[in-house]
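The values are calculated or read from the model by the stated rules, or taken from the named source; none is laboratory data. Everything numeric in this text was worked out from a predicted model, so none of it was measured. For neighbour counting, all protein chains shown are included, and Cβ atoms are generated from backbone atoms with ideal geometry for every residue, glycine included. Side chains included, ligands, DNA and RNA excluded: accessible areas come from the protein's heavy atoms. Shrake-Rupley method; radii C 1.70, N 1.55, O 1.52, S 1.80 Å.
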Amino acid sequence: STPFIVSKAINKYKAQHKDIAKKVKAVKKHSSDFEITDGVLVAYKGSSADITIPGEVRKIGKHVFENNTTLKNITIHDKVEEIGGYAFRGCTALEEIKLPDSINSIDIWAFRGCTSLKSVVVPPHLRYISDCLFADCSSLVSVELPEPIGGIGSFAFSGCKNLTEIVI
């Protein structure tokens, strides 16, 4: 049974990396959509529903995707450490965002009004949930917070009328 398990794991690994390779190609194909200065993503000019943040980005700046109504899924690689305020505010179509473990700071209002977002797993190094971080995310059902969490800012989950579970 061991060769079967190893074989299965190898196939899964190859399948995952093939998917990542496709995403990297997509990033290269749409690289003119991203404006990056000194490792900070300062603007996004594209209109894709699914995007992957380019590898050289270390911080997603303020207001970068604010009010982008076409963005549905975003993949953030594990070199990004910060997300600026209002970065995804009003992204009403955003359904899924995978926050890597490398994130240690998310500024105020970053996801406010992401009305299609259903669940969030907060990275383990994030110790503070900023003011209004997930406010008005009306479809948000569950949030998983790291332990220990240092604090939760004012109105962080205000207007999350479907929020039924916060796991710490």
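Largest first, the residues Arg127, Arg112 sort by 1.4 Å accessible area into Arg127, Arg112. What percent of all Cα-Cα pairs in segment 95-163 falls in each 5 Å bin, counting up from 0? Computed distribution, short to long bins: 4, 19, 30, 30, 15, 2. Between amide H atoms placed 1.01 Å from N, distances below 5 Å from Thr52 occur with Thr75, all of them 5 or more places distant or on a separate chain. A simple charge model with +1 on the Cβ of Lys and Arg, -1 on the Cβ of Asp and Glu and nothing else charged puts the dipole of segment 42-168 at about 300 debye relative to its Cα centre. Counted residue by residue at 0.36 nm each, then reduced by the alpha carbon distance between them, the extension gain from Glu147 to Lys98 reaches 15.8 nm.
Straightening the chain between Ala43 and Phe155 buys 37.6 nm, computed as 0.36 nm per residue apart minus the Cα-Cα spacing.
Distance between the C-alpha centers of segment 149-167 and segment 50-76? Whole Å please. What the calculation gives is 23 Å, centre to centre.
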